[in-house]
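Derivation of every value follows stated rules applied to the coordinates shown; laboratory data play no part. Please read all numbers here as calculations on a predicted model, not as lab measurements. Positions of Cβ are generated from backbone atoms using ideal geometry, with glycine treated the same way; all protein chains shown enter the neighbour counts.
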């Protein structure tokens, strides 16, 4: 077995019953689905000013569309996760993508800010069903020693969203209006749904080795083994994910408005900086095997520390195009390692209820989206973007502290 980076999560290291490696084409539907959801979730930043103008609202009010999306996803994910482990993964994936297509078209047809917020909430609910099933499918179909590599291929959908989807969406919004950008996202989700229909079914869940001695005692004394139950070892990782995502979305939601004002750019111009972030994200997710090779916790720890340092210099970088492009590239690379490492660890420590665990991971992510847009809007209004970036750096540092505490507790 390769270096997993942490003893307690070597659950399938003996190789017994390990699934055969998935071919890249088998994950294409998941990658496209993540891409569509990534574009839907992130396209608001470059078009935030256009939305505010259309509905005669302030940028903070237009940010409600981000909050509604995040709250709906955070609420839907654990509800679906409670019974998601009893439903075939592909059934959930197909239904979620169908709902996502419908909701995206409703966003395009919205005739008021309230209608847009409601449609975005429906998009969030669909994404809340898709993402946990997507990541759990990867966990079902890959051995832990090589899982970061497969997870990275799926999470490359986020980088595709940023590298291609957001710039194209920003340009579409600038030339033909933001409504057509939502139509384009819906069409991409429809293609993903078609590809998911051609994917192989996930294998039946395998008996998992306990993640810790405490789990062994708990499992042997419980008469409800068939009920999905979140492993306690996952809780610090979920908290880590919350603060990492809070550091990202709290800044990203309002980065577009700030850069456009400081550099005198339109939505299409800012989208090019987002593409730099996406290139960094793609570089790290497509090479996520470094997590398997050098240790998942070690790489994750380093990524979080460097993220905190980078966020401290992001605000001054927004005044210089070349520096900002370099900062966005590094930000994407580090965030890709953090996201992939966290998701891979969570799939293992909660192997007996993987669908529920990944639902909770999505829940914490999009709680951070909602709180980041609400709280970030207040900080931006009261103290400015520099203070917002500094607060994000503290959140990233706190995520690293949580990881270190989890390592010591489970060693």
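Some points to look at:
- Extension gain, residue 383 back to residue 175 (0.36 nm per residue minus Cα-Cα distance, nm): 71.5 nm
- Approximating the spin labels as points 7 Å out from Cα along Cα→Cβ, the residue 293-to-residue 325 distance works out to 2.8 nm.
- Burial ordering of 301, 262, fewest other beta-carbon atoms within 10 Å first: 262, 301
- Ascending count of other beta-carbon atoms within 10 Å, so fewest first, for 159, 370, 58: 58, 370, 159
- Cα Rg over Rh - the stretch 68-108, Kirkwood: 1.02
- Averaging over all projection directions, the Cα-based convex hull of the stretch 262-392 occupies 8.8 nm² in the image plane.
- The alpha carbon centroids of the stretch 247-275 and the stretch 123-145 are separated by 29 Å.
- Alpha carbon convex hull of the stretch 234-317, projected area averaged over orientations, nm²: 6.3 nm²
- Taking a ≥ b ≥ c as the square roots of the eigenvalues of the Cα gyration tensor, an a/c ratio of 1.5 or more together with a/b larger than b/c marks the stretch 300-342 as prolate.
- Rounded Å value of the spacing that divides the Cα centres of the stretch 354-398 and the stretch 277-350: 16 Å
- Mean shadow area of the stretch 337-411 over all directions, Cα convex hull, nm²: 5.7 nm²
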